[in-house]
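Notes to accompany the following structure.
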Amino acid sequence: MKKMPKWADVVLIPLISLLLAAFFSGLVIWAIGENPIEALQIMIKGATGSTYAWGYTLYYATNFIFTGLAVSVAFHARLFNIGGEGQAMLGGLGVALACLFIPWPHWGLALVGASIGGALFGVAWAIVPAFLQAKRGSHIVITTIMFNFMAAALLNYLLIGLLKPKGSMDVATAKFPEATHLPNIHEILGVVGIPFSKATPANISLLIGMAACVALWALIWHTRLGYEIRSFGRSEPAAKYAGINRTKIIIVAMMISGGLAGMMAVNNVMGEAERLVLNAVEGAGFIGIAVALMGRSHPFGVFLAAILFGFLYQGGAELAFATSIPREMIVVIQSLVILFTGAFDNMVRAPVEKLFMKFQRPSQSALVE
Amino acid sequence: MELIAILDILDSTVRSATPLLLACLAGLFSERAGIFDIGLEGKMLAAAFGAAAIAAITGSVWIGLFAGIGASLMLSAIHGLASITFRGNQLISGVAINFFAAGMTVVIAQSLFGQGGRTPQLSGDGRFGPITLPFAETLRDVPILGPIYYELISGHTILIYFALLCVPLTWWVLSSTRFGLRLRAVGENPSAVDTAGVSVVGLRFAAVAICGVLCGIAGAQLATAEPAAGFVKDMTAGRGFIALAALIFAKWRPWYALLSCLLFGLLQAIAIRPDQIEAVFGFQVQAQLLDALPYILTVIILAGFVGKAIPPRAGGEPYVKER
């Protein structure tokens, strides 16, 4: 059977899925008595209308780049890591410990240290499910879900008890020292003289996220390990036949995944809150699933999808502010994107494939004659 | 005094275990037929909202119950369509359903009632009240057995008794009926069922529908049975996942499902009332540890250190008819 061209698979199908999701989202907005077109306009203005809006959009997008990449790596090895949420929570803990207990002389060093801390804690939370999948055959989806809840309980315990400063009423750690303050986009662009809103949390982690995209692209498509991960994901028996070590691939892929999810904390914990609060991740780990599906597990696709979801998040917040549409509308849109790009993939794909078949056949038969 | 305190904890154990049990049995039907369902949470949440909203509007908890079941069935239909008809990824479909329910319930609640994502308080006929079993009052003063009958066995809502009845019913259906045999077969070896001339798609849709009905009742119990009095945002609070954990803990068997749900229900009951535990046993328990315990136990079971949990063999795989 002839396949359809690659551009259709990479661009057309996600686009159709996205339009379907947008259509149904519009239907929901219309059903609760609001104007979908107006809502879209408010979202576009709220998420891209000013440098302030862009700052928030990019801040959210940075979170989603990390979690989206995390889910993508696991997808390449045909592992479904739902544990991004818990891994990012633990990453927050790693970042917080690194920032609070090591006297960093300069933010640059603090950034490196906190990234390592976040990644290590994320890895620690991913490696147990990975090991259980590889060695004991425990389904990784179930174990990572369980680890999300355990992470929440652990952080709850630590933030109410050990890590809470004396006399504080907030369920949070102490404020990080001044030396760990990361330069935000306003300061970075200020160096080259571009004006940008001061009041946004977008910070240098955006650049780290973009670097992570490039690094992951190189890893997946231009290294031996990446090749092994992809072969394992495509066909486990074939990978085994080629001498690829199953245990190693599962554990390494999940370690990279957990590490990336953990590094998200550099953005939201170190870059924005500058202390660890309860529920700092705010569902970004789960949005990573939508981002990875939308971006077809390709780092560049993930980057674009993360920007799109950053737009949805910031636009949705403005929408809740300006209309009676609650913030949870974003969750509905997110679920529809997951539904259409993930679960209903075949529904979208089959008719498109058929259509291509129809148009390809005459030209091919003409060639044969 | 001691006995009353223990009975009080057991009483709230039964109450916390009921939605878990219904959702767990729901998952059991679905997974024994080969359809993984991590959307139990979402279905329960949608049903909780549907039941509370309609009960609040009509004033009848029974109409609410049916609305809740309807809401849950709709999500089941989406899951069935995605995972059976279009052979999509069942796990991704489940994730989508959870988010869909989490978002939609609040969006609709806000649009209908404008109370920040909750439904109005239910009272009177708007919720299920406790049923006092016969002779409970008269036998109350009989030592030991009297209080046990009065406090623990009597005085629950009808949904709780229904949930308990579902356990032998599920066991009977799965082990002794033709439908049950076929259902289990379709989860282990669908091509054999297909060869025998029985519709794999039909059986799987039936299983997913039963799952929807049970999740619907679980949600209704959560939002409309006393002491609950309405829907609040995210009110399932991970119970769908605890039910999933209980299902694995029970190794996909109905009677064990009852036991594991009671165990997890007990943990929840203790977590709500740490003071009672201190009063009865004389030591404090760590609340966060209790929250995490169902998940830790499930991971240990999954790891196969304490008896291996083997899922239905064809679970999660879409069935493709051979040509």
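The values are calculated or read from the model by the stated rules, or taken from the named source; none is laboratory data. Note that the structure is a prediction, hence the values are computed from the model and not measured. In this analysis, Cβ positions are derived from the backbone assuming ideal geometry, glycine residues included, and neighbour counts consider all displayed protein chains.
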Taking the stretch A:33-62, which residues are of a type in the set (A, V, I, L, M) and surrounded by fewer than 17 Cβ atoms within 10 Å (Cβ to Cβ)? A:Ile37, A:Leu40, A:Ile44
Any chance the stretch A:117-140 includes a residue that's among the polar types (S, T, N, Q), within 14 Å of chain B (Cβ to nearest Cβ), touching a helix residue (DSSP H, G or I) at 6+ places or on another chain (Cβ under 8 Å) and free of Cβ contacts under 8 Å to residues at least 12 places away in the same chain? yes
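Considering each of B:Phe29, B:Phe36 in turn, give the residue that is within 21 Å of A:Ile338 (Cβ to Cβ), of a type in the set (A, V, I, L, M, F, W, C) and in contact (Cβ under 8 Å) with a residue 24 or more places away in the chain.
Selected residue: B:Phe36, the only one of B:Phe29, B:Phe36 that is within 21 Å of A:Ile338 (Cβ to Cβ), of a type in the set (A, V, I, L, M, F, W, C) and in contact (Cβ under 8 Å) with a residue 24 or more places away in the chain.
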Scanning for something charged (D, E, K, R), part of a helix (DSSP H, G or I) and surrounded by 14 or more Cβ atoms within 10 Å (Cβ to Cβ), does the stretch B:137-149 turn up at least one residue? no
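Results for (1) surrounded by 13 or more Cβ atoms within 10 Å (Cβ to Cβ); (2) under 23 Å from the mean Cα position of the chain (by Cα); (3) within 20 Å of A:Tyr52 (Cβ to Cβ), shown as yes or no for each residue.
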{"residue": "A:Leu159", "(1), (2), (3)": "yes, no, no"}
{"residue": "A:Leu162", "(1), (2), (3)": "no, no, no"}
{"residue": "A:Pro177", "(1), (2), (3)": "yes, no, no"}
{"residue": "A:His186", "(1), (2), (3)": "yes, no, yes"}
{"residue": "A:Ile208", "(1), (2), (3)": "yes, yes, no"}
{"residue": "A:Leu216", "(1), (2), (3)": "yes, yes, no"}
{"residue": "A:Gly226", "(1), (2), (3)": "yes, yes, no"}
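Pick out the one residue from B:Ala314, B:Ala271 that is assigned to a helix (DSSP H, G or I), within 27 Å of A:Gly83 (Cβ to Cβ) and either at pLDDT 75 or above or within 11 Å of chain A (Cβ to nearest Cβ) (or both).
That would be B:Ala271, the only listed residue that is assigned to a helix (DSSP H, G or I), within 27 Å of A:Gly83 (Cβ to Cβ) and either at pLDDT 75 or above or within 11 Å of chain A (Cβ to nearest Cβ) (or both).
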Residue tally, condition modelled with pLDDT under 85 and either under 23 Å from B:Ile4 (Cα atoms) or acidic (Asp, Glu) (or both), over the stretch B:226-266: 3
Could you check the stretch A:146-188 and list, in sequence order, the residues that are without any contact (Cβ under 8 Å) to a residue 12 or more places away in the chain, over 24 Å from A:Gly113 (Cα atoms) and either out of contact with any helix residue (DSSP H, G or I) (no Cβ under 7 Å at 6 or more places or on another chain) or away from every other protein chain (no Cβ under 14 Å) (or both)? A:Ile160, A:Gly161, A:Lys166, A:Gly167, A:Ser168, A:Met169
Answer from B:Gly94, B:Gly117, B:Gly80 - the residue that is assigned to a loop (DSSP other than H, G, I, E, B) and within 13 Å of chain A (Cβ to nearest Cβ): B:Gly117
Can you name the helices (runs of 4 or more DSSP H) wholly within the stretch A:1-107 that have at least 3 residues being aromatic (Phe, Trp, Tyr)? A:13-31, A:51-76
With away from chain A (no Cβ under 13 Å) and not in a helix (DSSP H, G or I) as the only criterion, which of B:Leu164, B:Leu169, B:Leu122 stands out? B:Leu122
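Let's see how each residue does on (1) of a type in the set (Gly, Ala, Ser); (2) assigned to a helix (DSSP H, G or I); (3) closer than 30 Å to A:Pro105 by Cβ:
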{"site": "A:Asn156", "(1), (2), (3)": "no, yes, no"}
{"site": "A:Ser168", "(1), (2), (3)": "yes, no, yes"}
{"site": "A:Ala179", "(1), (2), (3)": "yes, yes, yes"}
{"site": "A:Gly190", "(1), (2), (3)": "yes, yes, yes"}
{"site": "A:Pro201", "(1), (2), (3)": "no, no, yes"}
{"site": "A:Leu206", "(1), (2), (3)": "no, yes, yes"}
{"site": "A:Ala218", "(1), (2), (3)": "yes, yes, no"}
{"site": "A:Ala238", "(1), (2), (3)": "yes, yes, no"}
{"site": "A:Gly262", "(1), (2), (3)": "yes, yes, yes"}
Which residues, taken from the stretch A:80-92, are buried (at least 24 other Cβ atoms within 10 Å of the Cβ) and within 14 Å of chain B (Cβ to nearest Cβ)? A:Asn81, A:Ile82, A:Gly83, A:Gly84, A:Glu85, A:Gly86, A:Met89, A:Leu90
Among the residues of the stretch B:224-253, how many are part of a helix (DSSP H, G or I) and within 13 Å of B:Lys43 (Cβ to Cβ)? 5
B:Gly212 - would you say it is at pLDDT 95 or above, crowded, with 24+ Cβ neighbours inside 10 Å, more than 14 Å from chain A (Cβ to nearest Cβ) and touching a Leu at 6+ places or on another chain (Cβ under 6 Å)? yes
Looking at the stretch B:186-197, is at least one residue loosely packed, with under 14 Cβ neighbours inside 10 Å, modelled with pLDDT under 90 and not hydrophobic (A, V, I, L, M, F, W, C)? yes
Between B:Ala17, B:Ala26, B:Ala53, B:Ala33, which is closer than 24 Å to B:Arg273 by Cα, buried (at least 24 other Cβ atoms within 10 Å of the Cβ) and small (Gly, Ala, Ser)? B:Ala17
Of the candidates B:Ala48, B:Ala53, the one satisfying the condition of being closer than 16 Å to B:Glu226 by Cα and either within 14 Å of chain A (Cβ to nearest Cβ) or part of a loop (DSSP other than H, G, I, E, B) (or both) is B:Ala53
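For every residue, the table says whether it meets (1) of a type outside the set (Gly, Ala, Ser); (2) over 23 Å from A:Ile188 (Cβ atoms); (3) within 15 Å of the chain's Cα centre (by Cα).
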| residue | (1), (2), (3) |
| --- | --- |
| A:Phe75 | yes, yes, yes |
| A:Gln87 | yes, yes, yes |
| A:Ala98 | no, no, no |
| A:Gly108 | no, no, no |
| A:Ser115 | no, no, no |
| A:Leu120 | yes, yes, no |
| A:Ala124 | no, yes, no |
I'd like the full set of residues that are surrounded by fewer than 17 Cβ atoms within 10 Å (Cβ to Cβ) and farther than 12 Å from B:Ser12 by Cα, limited to the stretch B:151-163. B:Ile158, B:Tyr161, B:Phe162
Tell me, please, whether a residue that is buried (at least 21 other Cβ atoms within 10 Å of the Cβ), under 18 Å from A:Val71 (Cα atoms) and under 19 Å from the mean Cα position of the chain (by Cα) can be found in the stretch A:316-331. no
